[in-house]
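The values are calculated or read from the model by the stated rules, or taken from the named source; none is laboratory data. From a predicted model like this one, the values you see are computed outputs, not experimental measurements. Neighbour counts are summed over all protein chains in view; Cβ atoms, including those assigned to glycine, are modelled from backbone coordinates with ideal geometry. Remember, those area values only see protein heavy atoms, side chains included, never the ligands or the DNA or RNA. Shrake-Rupley method; radii C 1.70, N 1.55, O 1.52, S 1.80 Å.
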Amino acid sequence: MSRFIALVPAAGSGSRFGAPSPKQYLQLNGRPLMWHTLSVLSQVAAIDEVAVVISPGDEWFDDYQWDLPKLSVHRVGGASRADSVRNGLRALGAGLDDWVLVHDAARCCLSVAAVERLMAALSDDAVGGLLALPVPDTVKRADGDGRVSATVPRQGLWLAQTPQMFRAGLLAEALDKGRTEDITDEASAIELAGMKPRLVEGDAQNFKVTYPRDLALARAILASRKE
Ligand code: C5P
């Protein structure tokens, strides 16, 4: 039987955020931001293990209580997100047919329902896929001067989210083949290997905390779920 493993790369420095500690450790409703992410993944009944990849030089992880029973920690983060995922896959020792759900540490407002929707949609899929959102707004292309050079038809455009779910063997092979600079998410590695990941509709609450202004929204969403 294949296992389901959530793999959370959390070895980024969060430089766009500009805080002294990486954003995954910022306090959010009494817990580090990433605790909320790991907690949601742990609550998905079909997920067997939640593996977090942190940097070998991480000075923060051990300062907090995680108390999540499915959690395993791997200090093998690399220079890029793709390297962290590659190293994590190796450290995990996953079987070739095990499903891996790679999820950004900073998407802390993920819901159990969205993960279950992704898993249900992909259970018989030969390739795998990802949560994503159809682009809701009109899309503009900018020229070099901050002016609009074109309106881009949004039909068929989606914003990629995570989790991105693939068989461990297929994903490891695709990541090893692709050039790190071409791989912005796991799906792009699979695409470069000539396959077409399935798009499964996610939701807007599953956004990536990127800038300080995003924290208020994340706090409000998490607080509303507790009520
Ligand atoms: O920087 P960004 O928010 O795009 O990173 C997405 C995810 O990849 C984050 O969870 C971050 O911690 C992780 N990452 C990583 N190793 C890196 C860079 C980013 O695990 N070298």
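Odds and ends about this structure:
- Pairwise label distance in nanometres, S80 with V139, each label 7 Å out on the Cα-Cβ vector: 2.2
- Membrane-span-like helices in the chain, defined purely by DSSP H runs whose alpha carbon atoms cover 15 Å or more axially and whose average Kyte-Doolittle hydropathy reaches 1.0, are 112-122.
- The residues of the range 4-226 present an accessible area of 48 Å² per residue when probed at 1.4 Å with all protein chains retained.
- Net charge of neighbours whose Cβ lies under 12 Å from the Cβ of L33, counting Lys and Arg as +1 and Asp and Glu as -1: +3
- Here the contact order of the range 4-226, divided by its residue count and restricted to Cα pairs under 8 Å and six or more residues apart, works out to 23 percent.
- Just the protein heavy atoms count here, and of the accessible area of the chain at 1.4 Å, carbon and sulfur take up 51 percent.
- Geometric extent, Cα atoms of the range 67-203 - Rg, Dmax (angstrom): 16.6, 52
- Peptides 119-128, 18-27, 32-41, 184-193 ordered by average Cβ neighbours within 10 Å, highest first: 32-41, 184-193, 18-27, 119-128
- MRE, 222 nm, helices only [DSSP H, n ≥ 4, -39500 (n - 2.57), over the chain, to nearest 500]: -8500 deg cm²/dmol
- FRET efficiency estimate (nearest 0.05) - Cβ-Cβ, Q205 to S21, R0 22 angstrom: 0.35
- Distance between the modelled labels on L68 and R90, one decimal in nanometres: 2.5 nm (7 Å Cα→Cβ projection).
- Taken over the chain, lysine pairs spaced eight or more positions apart, or on distinct chains, with alpha carbons under 29 Å apart number 11.
- Here the dipole of the range 4-226 is about 660 debye; that uses its Cα centre as origin and unit charges on the Cβ of Lys and Arg (positive) and Asp and Glu (negative).
- Surrounding net charge for T151, when Lys and Arg each add one and Asp and Glu each subtract one, Cβ distance under 14 Å: +2
- Amide N of the range 166-200 lying under 20 Å from the label point, which is placed 7 angstrom from the Cα of D124 along Cα→Cβ: 166-167, 196-200
- FRET efficiency for the N29 to E173 pair, using the beta carbon distance and R₀ = 41 Å, is estimated at 0.55.
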